[in-house]
Structures are given as C-alpha cells and as structure tokens.
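The values are calculated or read from the model by the stated rules, or taken from the named source; none is laboratory data. Everything numeric here is computed off the predicted structure, so don't read it as measured data. Cβ placement follows ideal geometry from the backbone for every residue including glycine, while neighbour counts extend to all protein chains displayed. Note: areas computed on protein heavy atoms with side chains; ligands, DNA, RNA excluded. Shrake-Rupley method; radii C 1.70, N 1.55, O 1.52, S 1.80 Å.
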Amino acid sequence: MNINTMDLFFGYNMRVGDVNGLTKSAAKYAELAKTADTAEQREGYAKAVTQINNDVLPKLQQEMNTLGHQLGLADDNIGQVLSKKALEEKNEKNTLSLLEYIADGTPTYSSKYQSGNIFSKNI
C-alpha cells in the first residue's frame, strides 16, 4: 500500500474519531447546560455546545467527507471507521499498472490529494 493511501487512511480514521468524540461531547455539554448549578455554568455549557455545533464540527465533518471520498468510500460508509483489511481489499480491486496510467492519463480513483504523488496529468 502506498504512503498516500496510508496518509488518507489514518487521516480519515482520525477525523471519524474526532467527529464521533465531539458529537458525544456536545451531547454531554447540552445535558450539563440544563442541569448545571448556576446560571453562569449553564450559559458556559450552552455556549460550548453552540461553538462545537456551529464552528468546529462542520469543519471536521467536511474533512472526514473529503478524505472518505478520496479513499473511494460510498456516502453510506463515510463516518464509519475503516479497517486496514477493508482498505487493502478495496485497493486490490482498484489496481492500476503504470502502463495503463500512462496510456490513459487518469487513475481509476480520483484523488485531489497530491502530497507525494509522482504521477499527474501535468507531467
């Protein structure tokens, strides 16, 4: 498996964990906003929930979606942790030889992720 794919794999799984953890945190803060002892604490927790839901979570979800699409995941599978075995099986189905790439110029996967890519249409 190439380095780019592994970068995407780890980045995607990291974002899935971030999104899931932040969603749970927002739910917990929402509970605390209702049950906190003082009005100041309730307001603080409510602000945290608003900030998480409006500022942080959408950015992380967008990154997760982008990485998931770059890995070739279906929309239904995005948001679920991807195992190394599943990634390897997916890559076996999408093999592309160097000669096929040179003849066509486009890989079977469409990835905008360019870090470390040797081949591109701009050669």
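Some points to look at:
- Distant alpha-carbon pairs in segment 1-93 (separation over 19 angstrom), percent: 49
- Environment charge at Arg42 (Cβ cut-off 15 Å; Lys +1, Arg +1, Asp -1, Glu -1): -1
- Fraction of accessible area attributable to carbon and sulfur, segment 1-78 (%, probe 1.4 Å): 52
- Pairs with C-alpha atoms separated by more than 30 Å, drawn from the list Lys59/Lys90; Lys28/Lys59; Lys47/Lys84, are Lys47/Lys84.
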